[in-house]
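Engineer: I'd like to ask you about the structure that follows.
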Amino acid sequence: MSAPVEIDARGLRCPLPVLRLRKVLAELPEGSLVRLFADDPMAVLDVPHFAQESGHEIVEVTTAPNSWLLRRR
């Protein structure tokens with residue numbers, strides 16, 4: 001399996017981190033991994049909501065820095 005695609009959305013405010021995540025995921029094949037770094041406080045709510053609504057799997061969540069590893073479905 002290849003390394004995750006990384007998206008650095010630190011410094012961006014809602015809804016830009018999720019919009020960037022959506023764009024990258026749409027361009028990747030199913031099963032691909034994407035790691036999103038975001039420091040917007042709303043990302044803690046927005047990213048899980050986006051994943052649930054779009055059917056993508058959250059594989060890992062980390063803090064300091066805030067990041068989410070998602071698998072495209």
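Engineer: Of everything in the stretch 61-73, what is under 13 Å from Pro4 (Cβ atoms), crowded, with 18+ Cβ neighbours inside 10 Å and of a type outside the set (Lys, Arg)? Give them in sequence order.
Structural biologist: Ser67, Trp68, Leu70
Engineer: For the stretch 61-73, how many residues meet the condition of being at pLDDT 95 or above, among the hydrophobic types (A, V, I, L, M, F, W, C) and either in a loop (DSSP other than H, G, I, E, B) or over 11 Å from the mean Cα position of the chain (by Cα) (or both)?
Structural biologist: Qualifying residue count, the stretch 61-73: 0.
Engineer: On to the next question. Do any residues in the stretch 46-73 that are under 13 Å from Val18 (Cα atoms) have Cβ atoms under 8 Å from those of residues that are part of a loop (DSSP other than H, G, I, E, B) and aliphatic (A, V, I, L, M), where the two are at least six apart or on different chains, and which pairs are they?
Structural biologist: Final answer for the pair search is Val47/Ala38; Ser67/Ala38; Trp68/Ala38.
Engineer: Within the stretch 34-60, how many residues turn out to be over 9 Å from the mean Cα position of the chain (by Cα) and closer than 12 Å to Arg72 by Cβ?
Structural biologist: 5
Engineer: Which members of the stretch 5-19 meet the condition of being more than 12 Å from Phe50 (Cα to Cα), touching a strand residue (DSSP E or B) at 6+ places or on another chain (Cβ under 7 Å) and either of a type in the set (A, V, I, L, M) or surrounded by 17 or more Cβ atoms within 10 Å (Cβ to Cβ) (or both)?
Structural biologist: Correct list: Val5, Ile7, Ala9.
Engineer: Still on this structure, I have one more. Hey, can you tell me all the residues within the stretch 1-11 that are out of contact with any Leu (no Cβ under 9 Å at 6 or more places or on another chain) and either in a helix (DSSP H, G or I) or free of Cβ contacts under 8 Å to residues at least 40 places away in the same chain (or both)? Give the derivation first.
Structural biologist: Initially, the stretch 1-11 is screened for residues out of contact with any Leu (no Cβ under 9 Å at 6 or more places or on another chain), giving 10-11.
Selection gives Gly11 alone.
Engineer: Taking only the stretch 12-28 into account, find how many residues are outside any loop (DSSP other than H, G, I, E, B) and either in contact (Cβ under 8 Å) with a residue 60 or more places away in the chain or of a type in the set (D, E, K, R) (or both).
Structural biologist: Pass one, the stretch 12-28, residues outside any loop (DSSP other than H, G, I, E, B): 16-27.
Next, from what is left, pick out any that are either in contact (Cβ under 8 Å) with a residue 60 or more places away in the chain or of a type in the set (D, E, K, R) (or both): 20, 22-23, 27.
The total comes to 4.
Engineer: Considering only the stretch 29-60, how many residues are in a helix (DSSP H, G or I) and surrounded by 15 or more Cβ atoms within 10 Å (Cβ to Cβ)?
Structural biologist: Count: 6.
The values are calculated or read from the model by the stated rules, or taken from the named source; none is laboratory data. All of these numbers come straight from a predicted model, not from anything done at the bench. Please note: Cβ atoms are built from the backbone with ideal geometry, for glycine as well, and neighbour counts cover all protein chains shown.
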